[in-house]
Structure formats: structure tokens, C-alpha cells
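Asker: Can you read through this structure? Questions will come right after.
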Amino acid sequence: MSAAEQGAIEAAEWALASATRGRLYGWFSALFAQEVSERLYRSQFAAGAFAPFAGLGGLGLAAELQRLEAASAALRAVELPRLELAADFAQLFLLDGRTSALPYASAYAGKDAAAPLYGAAEARMRDFLAARALAIQPGFREPADHLAVALAFMAELAGKEAGSADIAAAARGQAGFLRDALLDWLPRFVARCRQAAPRFDFYPALAALLIGFVRADLSFLDDLAGSGPAAATGAG
């Protein structure tokens with residue numbers, strides 16, 4: 001096989017992996033952005049609805065995915081599942097930082113979860129957005145350091161850089177963002193979701209799946225960034 005043919009294969013595999021990764025980041029972003037709508041509940045919480053994400057099991061996340069499916073099944077067993085889910089969302093993400101799991105990077109900037117909000121971490125995320133000529137959607141009235149914004153940003157990067165001529169450079173940039181904007185606080189957020197103990201396990205399970213995916217994705221990107229363009233096998 002010629003170098004040109006090998007390069008074409010690698011580019012196609014990177015494009016496919018990027019599309020899969022972008023969908024996953026977008027899916028996580030939508031679920032953390034706001035209470036689940038009736039439409040989203042009907043499409044995402046039916047039995048087997050998480051089948052499109054079964055590829056996460058191949059990343060060593062089968063247990064986390066099964067936990068999320070079990071949490072979804074527990075919701076389906078109650079009379080008003082979407083209202084129960086909304087109550088858990090409010091308990092976890094809309095109350096004070098002492099008893100909830102605020103979804104803002106700035107909430108975890110200090111030694112405890114009660115650090116001042118919307119400071120350097122929020123400004124840093126705005127810088128990331130500006131550098132890529134991106135902006136928060138007008139209808140999303142949250143600070144830039146909201147978890148959903150960082151996840152949507154990664155979804156955009158994965159999509160825009162799917163056709164990058166320099167795969168190693170694209171991977172290196174995306175890996176840097178994950179380290180700088182997510183993984184420096186995401187473990188504490190996941191722990192807070194668990195400690196807050198909502199009635200249903202859906203959001204703690206979702207957070208556990210998210211951090212597993214982000215860590216697996218970082219490993220994938222680091223491999224590409226460290227060795228130059230290589231066969232890119234994504235999450236699905």
C-alpha cells in the first residue's frame with residue numbers, strides 16, 4: 001500500500017471517529033444542559049434507547065452503560081418519570097453548592113465546592129469559545145463554564161476538525177482542551193453527583209459514564225497526537 005493510500009485510510013477513519021465522538025459529546029451536552037423535555041424523554045428513555053451508544057462498552061465502559069440503562073428502567077417504572085427526573089435535575093444542578101453538584105467549572109476552582117462562581121474558569125471558557133469563533137446559543141442563559149458548554153464545544157471541535165489535514169495537531173488541541181477545561185474539575189463534579197444522592201440514579205450514572213468517556217477519549221487523542229496520524233478507531 002502506498003503512503004497516499006495509507007493516508008487516505010487514516011483520514012477516513014479519523015473522520016468517522018470524529019463524527020461518532022461529536023455525537024456523543026452532543027448527547028451528553030443536551031442531557032446536562034436542562035431538564036429533559038417530553039420529546040427528549042420519549043426518544044431517549046424508551047427501552048433500548050441507549051443502544052446507539054453501545055460502542056462505549058468497547059471502551060471499557062460496559063458497566064457504566066449498564067448502570068445508566070438500569071437507572072432509566074427504574075424511571076420508566078414510576079408513574080410520572082419525567083417529573084421525577086426534573087426533580088432530580090433541580091436537586092442536583094439548581095440548588096446551592098453545599099448540597100448539590102453545581103455544573104460549573106468555577107464551583108470547583110477552590111478547595112471545596114463552595115468556591116466563588118463565574119471567575120477565572122468562566123473567563124477561560126469564553127477565551128476558548130472566542131478563539132474558535134464560537135458563541136453560546138442565545139437561548140442558553142448560563143455562564144460559559146457550564147458543563148454543557150464545554151461538552152458542546154468538544155462536539156463542535158470534533159465536527160469541524162473531522163477533515164483536518166493534520167490529524168496529530170487536531171488531536172493535540174482537543175486533548176489539551178479536555179485537560180484544561182474538563183478533567184481538572186470533572187472528577188469532583190462526578191463525586192458531588194453521587195454524594196448528593198438524588199432519588200434516582202440517572203444523573204450520577206450519566207456523570208460516571210461521562211468521565212469514563214472523556215478519559216477514554218483523551219487516551220485516544222493522546223495516542224494520535226503522540227504518534228502522528230494513525231488508524232483512528234473511535235467510540236462506535
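The values are calculated or read from the model by the stated rules, or taken from the named source; none is laboratory data. Remember, predicted model here, so these are calculated numbers, not experimental data. Every residue, glycine among them, receives a Cβ derived from its backbone with ideal geometry; neighbour counts consider all protein chains shown. Ligands, DNA and RNA are excluded from the accessible area calculation, which covers all protein heavy atoms including side chains. Shrake-Rupley method; radii C 1.70, N 1.55, O 1.52, S 1.80 Å.
Asker: Per-residue HN-Hα couplings for the range 73-84, Karplus 6.51 cos²θ - 1.76 cosθ + 1.60 at θ = phi - 60°, whole Hz, x for Gly and Pro?
Answerer: 5, 5, 5, 5, 7, 9, 5, 10, x, 5, 5, 5
Asker: Helix 120-131 versus the longest principal axis of the chain: what angle, 0 to 90°, nearest 10, using Cα atoms?
Answerer: With both axes taken from Cα atoms, the answer is about 40 degrees.
Asker: What accessible area, in Å² to the nearest ten, does a 1.4 Å probe give for Arg124?
Answerer: In the full protein context, Arg124 sits at about 80 Å².
Asker: Given the options Leu209, Leu65, Tyr108, identify the residue whose Cα lies farthest towards the positive end of the charge dipole of the chain (+1 on Cβ of Lys, Arg; -1 on Cβ of Asp, Glu).
Answerer: Tyr108
Asker: HN-Hα J couplings of the range 203-217 from phi, Karplus 6.51/-1.76/1.60, θ = phi - 60°, integer Hz, Gly and Pro as x?
Answerer: Result, rounded to whole Hz: 5, x, 5, 5, 5, 5, 5, 4, 5, x, 5, 4, 5, 5, 5.
Asker: May I pose another question? If you take the beta carbon distance between Ala86 and Asp223 as r and set R0 to 45 Å, what does 1/(1 + (r/R0)^6) give as a FRET efficiency, to the nearest 0.05? Intermediate values should be presented prior to the final figure.
Answerer: On the way: r = 40 Å, r/R0 = 0.88.
Efficiency, from the Cβ-Cβ distance: 0.70.
Asker: Counting Lys and Arg as +1 and Asp and Glu as -1, what is the net charge of the other residues whose Cβ lies under 15 Å from the Cβ of Pro81?
Answerer: -2
Asker: Another one. Quick one: check the C-alpha center-to-center distance for the range 145-212 versus the range 53-112, whole angstrom.
Answerer: Result: 14 Å between the Cα centres.
Asker: About the Cα centre, and with charges only on the beta carbon of Lys, Arg (+1) and Asp, Glu (-1), how big is the dipole of the range 74-191? Nearest 20 debye, please. Please list the in-between numbers first.
Answerer: Values: 12 positive and 14 negative charges, 22 e Å.
Using only the charged Cβ atoms, the result is roughly 100 debye.
Asker: Would you please report the Å³ per residue occupied by the convex hull of the alpha carbon atoms in the chain? Walk me through the intermediate numbers first.
Answerer: On the way: hull volume 28.9 nm³, N = 236.
Value for the chain: 123 Å³ per residue.
Asker: Another question, then. Which percent of the accessible area of the range 69-209 is formed by carbon and sulfur heavy atoms (probe 1.4 angstrom)? Provide the component values of the computation, followed by the final result.
Answerer: On the way: 3510 of 6430 Å².
With neighbouring chains kept in place, the figure for the range 69-209 is 55 percent.
Asker: Let me ask something additional. Around Arg172, under 12 Å between beta carbons, what's the net of Lys plus Arg minus Asp minus Glu among the other residues?
Answerer: Net local charge, Arg172 excluded: -3.
Asker: Before I look further, what does the chain give for accessible area per residue, probe 1.4 Å, in whole square angstrom? Can you show the working numbers first?
Answerer: On the way: 10910 Å² over 236 residues.
Here the residues of the chain average 46 Å² of exposed surface.
Asker: Rounding to the nearest 10 and keeping the result within 0 to 90°, find how far the Cα-based axis of helix 3-33 lies from the longest principal axis of the chain.
Answerer: Approximately 10 degrees, to the nearest 10.
Asker: So what's Rg/Rh here for the range 132-173, counting alpha carbon atoms and using the Kirkwood radius for Rh?
Answerer: Values: Rg = 12.1 Å, Rh = 11.5 Å.
Checking Rg against Rh, the ratio lands at 1.05.
Asker: Using +1 on the beta carbon of Lys and Arg, -1 on that of Asp and Glu, and nothing else charged, what's the dipole of the chain about the Cα centre, debye to 20? It would help to have the intermediate numbers written out before the result.
Answerer: Numbers: 21 positive and 25 negative charges, 95 e Å.
Around 460 debye, computed over the chain.
Asker: Springs between alpha-carbon pairs under 10 angstrom, Gaussian network model over the chain: which of Ile211, Ile136, Ile167 fluctuates most?
Answerer: Per the Cα network of the chain with a 10 Å cutoff, Ile136 tops the list.
Asker: Let's test the formula: R0 of 30 Å, r as the Cβ-Cβ distance of Glu142 and Ala216. What FRET efficiency results, to the nearest 0.05? Present the calculation step by step, with values, prior to reporting the outcome.
Answerer: Working: r = 27 Å, r/R0 = 0.89.
Here the calculated transfer efficiency is 0.65.
Asker: Let me ask another. Pull out the extension gain between Ala74 and Ala62, defined as 0.36 nm times the separation in residues minus the alpha carbon to alpha carbon distance; nm, one decimal.
Answerer: Values: separation 12, 0.36 × 12 = 4.32 nm, distance 1.83 nm.
Residue separation times 0.36 nm, minus the Cα-Cα distance, leaves 2.5 nm.
Asker: Of Gly58, Gly176, Gly212, which is the most mobile in a GNM of the chain whose springs link Cα atoms less than 10 angstrom apart?
Answerer: Gly58
Asker: For the chain, set up a GNM with springs between Cα atoms under 10 Å and report which of Phe140, Phe32, Phe189 has the largest fluctuation.
Answerer: Its mean-square fluctuation being the largest, the pick is Phe140.
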